[in-house]
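The values are calculated or read from the model by the stated rules, or taken from the named source; none is laboratory data. Keep in mind that what you see is a predicted model, and the values were worked out from it rather than measured. Every residue, glycine as well, gets a Cβ built from its backbone with ideal geometry; the counts of neighbours run over all protein chains shown.
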Amino acid sequence: MKKVIVVPYDKSWKTEFEKIKEELLYVLNGHIISIEHVGSTSVEGLAAKPIIDIDIIIKDYNSFELIKSKLDSIDYFYEGDLGIKDRQVFKYEYKPNLMKHHLYVCPEYSEELKRHIAFRDYLRMNQKDRDWYGEVKLLAAKYYPEDIDSYMKAKKPCGAEILRRCGLYKI
């Protein structure tokens with residue numbers, strides 16, 4: 001079972017993202033469009049699980065094999081799309097110098113990428129909804145500290161409503 005830990009916003013998350021981005025750019029610079037800090041840790045003031053979510057944006061899949069080999073050279077291994085179209089997952093086993101993170105590679109036309117960016121940007125601009133979402137996540141983690149599936153289910157209606165408010169409907 002995965003333990004569910006949600007903590008208040010931590011200012012160091014910005015710096016931790018920059019450290020990870022620096023390592024990624026070392027091998028990817030010139031081959032990608034950008035590296036985006038997404039997910040709850042990217043929204044100042046939002047409670048979150050202390051895991052950085054990162055989207056590497058590529059133009060299309062023509063460069064994917066090159067990106068995959070470059071990521072492999074710094075010890076990220078490819079996991080597939082894990083059921084989400086146009087979002088490729090990369091994992092690592094040991095990076096003690098970096099904060100725990102999730103790494104995705106998405107083409108610029110990816111619906112999942114658009115959802116990540118829209119959700120992040122909406123919460124950055126809407127304090128009331130940001131605070132509401134943070135409270136829901138903290139309560140869900142309190143009620144389901146040992147059950148990630150129930151935690152995800154408990155916060156889903158709030159997330160769906162926020163996606164609706166920013167013009168997206170898919171979770």
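A few remarks follow.
- Among the residues of region 93-142, those that are in contact with a helix residue (DSSP H, G or I) (Cβ under 7 Å, 6 or more places away or on another chain), more than 28 Å from Asp60 (Cα to Cα) and aromatic (Phe, Trp, Tyr) comprise Trp132, Tyr133.
- Scanning region 136-150 for residues that are charged (D, E, K, R), out of contact with any Cys (no Cβ under 9 Å at 6 or more places or on another chain) and assigned to a helix (DSSP H, G or I) yields Lys142, Asp149.
- Residue within region 24-40 that is closer than 19 Å to Val89 by Cα, surrounded by 15 or more Cβ atoms within 10 Å (Cβ to Cβ) and among the polar types (S, T, N, Q) present: yes
- Ile67 being assigned to a helix (DSSP H, G or I), in contact with a Leu (Cβ under 9 Å, 6 or more places away or on another chain) and at pLDDT 95 or above: yes
- For region 60-80, a residue qualifies if it is in contact with a strand residue (DSSP E or B) (Cβ under 8 Å, 6 or more places away or on another chain) and surrounded by 13 or more Cβ atoms within 10 Å (Cβ to Cβ), and the qualifying residues are Phe64, Ile67, Lys68, Leu71, Asp72, Tyr76, Tyr78.
- Selection from region 62-100 of residues that are of a type outside the set (Val, Ile, Thr), within 14 Å of the chain's Cα centre (by Cα) and under 21 Å from Lys19 (Cα atoms): Phe90, Lys91, Met99, Lys100
- Residues being closer than 19 Å to Lys3 by Cβ, in contact (Cβ under 8 Å) with a residue 40 or more places away in the chain and surrounded by 17 or more Cβ atoms within 10 Å (Cβ to Cβ) - total across region 148-169: 1
- Hits in region 70-87 (condition: outside any loop (DSSP other than H, G, I, E, B) and at negative phi): Lys70, Leu71, Asp72, Phe77, Tyr78, Glu79
- Scanning region 57-96 for residues that are more than 16 Å from Tyr109 (Cα to Cα) and aromatic (Phe, Trp, Tyr) returns Tyr76, Phe77, Tyr78, Phe90, Tyr92, Tyr94.
- Residue within region 55-75 that is under 30 Å from Leu139 (Cα atoms) and in contact with a His (Cβ under 9 Å, 6 or more places away or on another chain) present: yes
- Of all residues in region 97-141 being in contact with an Asp or Glu (Cβ under 6 Å, 6 or more places away or on another chain) and of a type in the set (A, V, I, L, M), the one that is farthest from Gly45 (Cα to Cα): Leu113
- When the residues of region 80-126 are filtered to those that are hydrophobic (A, V, I, L, M, F, W, C) and without any contact (Cβ under 8 Å) to a residue 24 or more places away in the chain, the one that is farthest from Phe64 (Cα to Cα) is Met125.
- For Leu103: the one exception among (1) closer than 20 Å to Lys21 by Cβ; (2) at pLDDT below 95: (2)
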